[in-house]
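Worksheet: the structure to be examined is printed underneath.
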Amino acid sequence: IWNELVAIYRDSLTAPSFNAWIEQATPISLINNDLTIEVPSALHKEYWEKNLSTKIVETGFKLTGSEITPIFTIKNDIIEDISAQPKMEPIISDITKENSKKALLNPKYTFDTFVIGKGNQMAHAAALVVADDPGSTYNPLFFYGGVGLGKTHLMHAIGHQMLINNPNAKVKYVSSETFANDFINSIQNRTSESFRQEYRNVDLLLVDDIQFFADKEGTQEEFFHTFNSLYNDGRQIVLTSDRLPNEIPKLQERLVSRFAWGLSVDITPPDLETRIAILRKKANAEHLEIPDDTLSYIAGQIDSNIRELEGALVRVQAFATMKNEDITTSLAADSLKTLRSVGANNQLSILSIQEKVCEYYHIQLKDLKGKKRVKTIVLPRQIAMYLSRELTDNSLPKIGAEFGGKDHTTVIHSHEKIQQLLETDTSIQKEINDIKNGLSN
Ligand code: ADP
Ligand code: MG
């Protein structure tokens, strides 16, 4: 029976799944139609029971004419090596999912998908503690570190975990810019009361990238009160920034000192091993077959930013699909090289686009990169972001950074906005064409 089963699974599962689940299981005995199978962990047992056992019953019946009952035992002398184990999607209740969505959490940013390495293990450990025991340990919890290193991911993971532990918890995730906008709107629309309700009646408030509170006096004032209210009620606050609170220009002293009440942890760039582990995890999740030396190669090429590391993997994958070849190191080298030479050939930098746009609209570079929201500046800014995305290979975070440290979502938003305008607005079409022509001269 076992051999027959293995053959069936080999045909029906992808290679990584087969290796992960079937190869690691051992048949022990078949007594009175009870087929005992030994598996290495509780996770395996759960997976077999949920996904693989009907095949056993079917096949067993076909071969023996009687009903075989699979029984799974866990081999107890194996200590689970978490990093080597395939993780199963956690079984998450519908309420939790619904509430995660309401909290605006990215479903991919969970503890399960987070790879622990030297640069982030402290942050990860602190995140776990806070998720399981919110409000009473590290409050606020403050993550700081460079772009694309997993701050937002960890923050969302705390939110997800808290909702898994308690589906009725109120979790709210915002960027500091959303907080600022909500606040400003609440003043304009005279809805301060509902703004306060919204932000002060939560069990967990996640505010991302608070370096953008710099210069926003009124917003800081309001955040100070929000913070106090939550803190005094024992609600958990988690914050991120690209630097330590006392290094954020124009951040009020009283906020800086309050942020220091909790725990600040930095996240530093991943070492090579961690980068390989991250790539391996992504590859497994996408069921990509990539040899180890190829993963090492890719991880060796991109050494600072995890978002770019993911981008490289996507590029290699796309290249392989396009050429209809397996992913190998030489294919990876080719696809990453093409990328670089395109960048080198077309020479166009974000700065040159910005300068051209400023010249065209008669505005100043510092306004283009700044935060002013007047229409005469917002539109050129969006156009410059659009062109930077269309005409250069720079990553979204990089483009955001070149525009005075804006979030990559702002870049995406601007790009979409202009794309929409271009469909109908003939004067925008002409303006963008003029700028493009100016650039190619
Ligand atoms: P930051 O907020 O620090 O700029 P993000 O949290 O947005 O960075 O992370 C960038 C990308 O890298 C995301 O897609 C995230 O899922 C991924 N990532 C970051 N750290 C890890 C990690 N330790 N394991 C797996 N993926 C990670
Ligand atoms: Mg972030």
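Name the single residue that is farthest from residue 305 (Cα to Cα) among those in the stretch 371-424 being surrounded by fewer than 19 Cβ atoms within 10 Å (Cβ to Cβ) and among the acidic types (Asp, Glu).
Residue satisfying both the conditions and the ranking: 423.
Kindly establish whether residue 418 is within 23 Å of residue 364 (Cβ to Cβ), among the hydrophobic types (A, V, I, L, M, F, W, C), within 20 Å of the chain's Cα centre (by Cα) and modelled with pLDDT of 90 or more. Walk me through it before giving the result.
Details: within 23 Å of residue 364 (Cβ to Cβ): yes; among the hydrophobic types (A, V, I, L, M, F, W, C): yes; within 20 Å of the chain's Cα centre (by Cα): no; modelled with pLDDT of 90 or more: yes.
Answer is no for this residue.
Output yes when any residue across the stretch 409-416 is of a type in the set (A, V, I, L, M), out of contact with any Lys or Arg (no Cβ under 7 Å at 6 or more places or on another chain) and under 25 Å from residue 211 (Cβ atoms), and no when none is. Full working, then the answer.
Residues of the stretch 409-416 that are of a type in the set (A, V, I, L, M), as a first pass: 411-412.
If we keep only those that are out of contact with any Lys or Arg (no Cβ under 7 Å at 6 or more places or on another chain) too, we end up with 412.
Now drop any that are not under 25 Å from residue 211 (Cβ atoms), which leaves 412.
Yes: the stretch 409-416 contains one or more residues that are of a type in the set (A, V, I, L, M), out of contact with any Lys or Arg (no Cβ under 7 Å at 6 or more places or on another chain) and under 25 Å from residue 211 (Cβ atoms).
Working only within the stretch 284-297, note down all residues that are among the aliphatic types (A, V, I, L, M) and at pLDDT below 95. Spell out how you get there, then give the answer.
Residues of the stretch 284-297 that are among the aliphatic types (A, V, I, L, M), as a first pass: 285, 288, 290, 295.
285, 288, 290 - these are the residues of the stretch 284-297 that are among the aliphatic types (A, V, I, L, M) and at pLDDT below 95.
Would you mind telling me which numbered condition in (1) away from ligand 2 (no atom under 16 Å from the Cβ); (2) modelled with pLDDT under 95 residue 204 fails?
Unmet condition: (2).
Which one of 241, 192 is among the hydroxyl-bearing types (Ser, Thr, Tyr) and modelled with pLDDT of 95 or more?
On the way: 192 fails: modelled with pLDDT of 95 or more.
Of the residues listed, the single one that is among the hydroxyl-bearing types (Ser, Thr, Tyr) and modelled with pLDDT of 95 or more is 241.
Looking only at strands (runs of 3 or more DSSP E) that fall completely inside the stretch 118-216, which ones have 3 or more residues that are aromatic (Phe, Trp, Tyr)? Walk me through how you get there before you give the answer.
Working: elements: 141-145, 171-175, 204-208.
Counting at least 3 such residues, we get 141-145.
Look at residue 120 and say whether it is modelled with pLDDT of 90 or more and either within 13 Å of ligand 1 (Cβ to nearest atom) or under 29 Å from residue 48 (Cα atoms) (or both). Reasoning before the result, please.
Details: modelled with pLDDT of 90 or more: yes; either within 13 Å of ligand 1 (Cβ to nearest atom) or under 29 Å from residue 48 (Cα atoms) (or both): yes.
Yes; evaluated as a whole, the condition is true for this residue.
So which of 395, 388, 414 is within 30 Å of residue 249 (Cβ to Cβ) and in contact (Cβ under 8 Å) with a residue 60 or more places away in the chain?
Values: 388 fails: in contact (Cβ under 8 Å) with a residue 60 or more places away in the chain; 414 fails: in contact (Cβ under 8 Å) with a residue 60 or more places away in the chain.
From the options 395, 388, 414, the qualifying one is 395.
If I ask for residues that are more than 17 Å from residue 404 (Cα to Cα) and within 16 Å of ligand 1 (Cβ to nearest atom), which ones from the stretch 189-219 would you list?
Filtering the stretch 189-219 down to residues more than 17 Å from residue 404 (Cα to Cα) leaves 189-207, 217-219.
206, 207 - these are the residues of the stretch 189-219 that are more than 17 Å from residue 404 (Cα to Cα) and within 16 Å of ligand 1 (Cβ to nearest atom).
Tell me, please, whether a residue that is in a helix (DSSP H, G or I), basic (Lys, Arg) and closer than 24 Å to residue 112 by Cα can be found in the stretch 322-335.
Of the residues in the stretch 322-335, the ones in a helix (DSSP H, G or I) are 322-323, 329-335.
Among the residues that remain, those that are also basic (Lys, Arg) are: 323.
Within this subset, residues satisfying the condition of being closer than 24 Å to residue 112 by Cα are none.
No, every residue in the stretch 322-335 fails to be in a helix (DSSP H, G or I), basic (Lys, Arg) and closer than 24 Å to residue 112 by Cα.
The values are calculated or read from the model by the stated rules, or taken from the named source; none is laboratory data. Remember, predicted model here, so these are calculated numbers, not experimental data. Every residue, glycine as well, gets a Cβ built from its backbone with ideal geometry; the counts of neighbours run over all protein chains shown.
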